[in-house]
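The values are calculated or read from the model by the stated rules, or taken from the named source; none is laboratory data. Given the structure is predicted, the values throughout are model-derived calculations rather than measurements. Cβ coordinates were reconstructed from backbone atoms using ideal geometry, including for glycine residues, and neighbour counts include every protein chain displayed. Accessible surface areas use protein heavy atoms only, side chains included; no ligands, DNA or RNA. Shrake-Rupley method; radii C 1.70, N 1.55, O 1.52, S 1.80 Å.
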Amino acid sequence: MAAPETLSDIVTSFLDVVHDRLVDDRRGAVADYIPQLAEVDPELFGIALCGLNGRVYESGDTDVPFTIQSASKPFVYSLALDDRGLDAVHERVGAEPSGEAFNSVKLEAGTGRPPNPMVNAGAIVTTSLVDGASPERRFERILERLSAFAGRQLSVDEAVFASEQESGDRNRALAYLMRGAGSLTAPVGDTLDTYFRQCSILVTAHDIAVMGATLANGGVNPLTRRRVTSAETCQHVMTIMATCGMYDYAGEWLLRAGLPAKSGVAGGLVASSPGEFGLGLFSPRLDASGASVRAVVAAQRLANRFGLHVLHRPLSLSASEVTAANDELEAGLGAEQDAAAAQLLQDHADDLAVWRLRGYIDFDGAEQLLLDVDAWLQARPAERENPAVIVLDLTEVTQLQSVAVWMLAALATWCRERGMRVIASDPQGRSLGVAGLSQTPDFDGAVRDAAATAGSGTPAG
Ligand code: GLN
């Protein structure tokens, strides 16, 4: 594990820790019911996290292509929703977790609808609901949609596609049953061809992290900044992922990880933390429910460590805001009592920087802080004799999400190890539980303290 070179590398280091602790976990077996999938190297393991500003943090085999398989289902569902609308789609496919395996043959009594769009039967129906004058056009639109989610042009693994065709009798049987029941109206052959092709699209852990981040970002791809779908569609998709994405493990998954997610039998797992980031994991050995063993454990560890459960929401929600306060203070825009602080900042501009954090600080807010501080450190004139001192004004922070507490603590440690200092001003005296971080209740005191450290200039007062 490499030592973090820049502040934002601490996110990568954390992914490295999760990766390294799990790399020897060899439980499970690679899927072999599609013969071509058994050819994979079972040791591969990659973890990628894409923030909403488009930065991707990666550990392990994040650039090795694998077929997306069932992790395609949420994204094709988004296309069916945009083409037909929620009601028309759900006339044909339910929205109930099935409690059964991904290839279950159970259809709803009376309507003949498959339980939800995440199991194979339901996904075959959603694929058939995508608009297109021909099967080719329909697949083209699916490939375009998934590529837009990933932020790059994706392609199909023809060998896996052929292997799915040859071994796909169970899916074919499901499709005929649904034709008989009326939930599938399109021709079986064409629809399965498109479905097998969509499952055979090649992605990397990096790609699916971006795809998950696009959902988490309300439909705007954070890499390309292009809108792929609406925020409303993303909400529907993430809802179905949260309740049905992990098949017969969906309930326990929601309990333990609490993130909308979708697994695929090639070993991919995509998860979204709404408003925060997307996760892309890849490791080919699967558990009994057909989800990657290491990916499930890794995602659960990340979610638990960071308090990311979707139902874990602070009591007083307000948007997070992170601003470099130097300019604001120097322009005299701050409160009257900030005048002294402004003067000190001006005197020590090269060594002293202040960031004001406001509202509910989660991964996104804390990440912005890391990137801002990185940028400030890089812009700092080289070979300063004085240590850099960073003041974090937490006065107006309503809540620090545990991921943010961890990131601020890591920032303080990183700075201390490099001879810099971090001072937090917080009238509430919230503990970040880290050595090397000085805490002062009032902002003025923090800036005076910082100025004393930063320079030869005499501290005021
Ligand atoms: N192509 C696979 C199938 O239809 C997808 C299943 C999965 O990833 N769970 O069987």
Furthest towards positive pole of dipole, SER104, ALA71, LEU44, structure part the stretch 1-141, Cβ charges:
SER104
By accessible area (1.4 Å), largest first, LEU146, LEU177 order as LEU177, LEU146
For the stretch 173-181, what does the Karplus curve 6.51 cos²θ - 1.76 cosθ + 1.60, with θ = phi - 60°, yield as ³J(HN,Hα) per residue in whole Hz, taken in order and with x for Gly and Pro?
4, 4, 5, 5, 4, 6, 4, x, 7
What distance in nm lies between label points placed 7 Å from Cα along the C-beta direction at GLU39 and HIS309?
4.3
Using DSSP to define loop residues, name the chymotrypsin sites (Phe, Trp or Tyr not before Pro) in the stretch 15-123 whose beta-carbon has at most 15 other beta-carbon atoms within 10 Å.
TYR33
With +1 at each Lys and Arg Cβ and -1 at each Asp and Glu Cβ, the charge dipole magnitude of the stretch 53-194 around its Cα centre, to the nearest 20 debye, comes out at 360
With DNA, RNA and ligands ignored, accessible area of CYS234 (1.4 Å probe; Å², nearest 10):
0
How much of the DSSP beta bridge set in the chain is antiparallel, as a percent to the nearest 5?
65
Which length gain, in nm to one decimal place, applies between GLU91 and ASN53 when the Cα-Cα distance is subtracted from 0.36 nm times their residue separation?
10.0 nm
Given a 1.4 Å probe and every protein chain left where it sits, what share in percent of the accessible area of the chain is carbon and sulfur?
50
Hey, for a label at ARG380 modelled as a point 7 Å past Cα toward Cβ, could you say which residues of the stretch 3-46 have their backbone N under 15 Å away?
5-8
Result for the chain: accessible area per residue, probe 1.4 angstrom, in square angstrom, of 39
Report the full-extension gain for the segment GLU417 to TYR176: residue separation times 0.36 nm, less the Cα-Cα distance, to one decimal in nm.
80.3 nm
Contact order relative to length of the stretch 1-101, as percent, for alpha carbon pairs under 8 angstrom and 6 or more apart
19
Residues with amide H under 5 Å of ASP393's amide H, sequence separation 5 or more or different chain, H placed in the peptide plane at 1.01 Å from N; which?
TRP355, ARG356, LEU357, SER425
Gain on full stretching of the segment that runs from VAL64 to ALA349 - 0.36 nm per residue minus C-alpha separation:
98.1 nm
Dipole magnitude (debye, nearest 20) for the chain, charges at Cβ of Lys, Arg, Asp, Glu
1280
Summing +1 per Lys or Arg and -1 per Asp or Glu among the other residues with Cβ less than 14 Å from MET246's Cβ gives -1
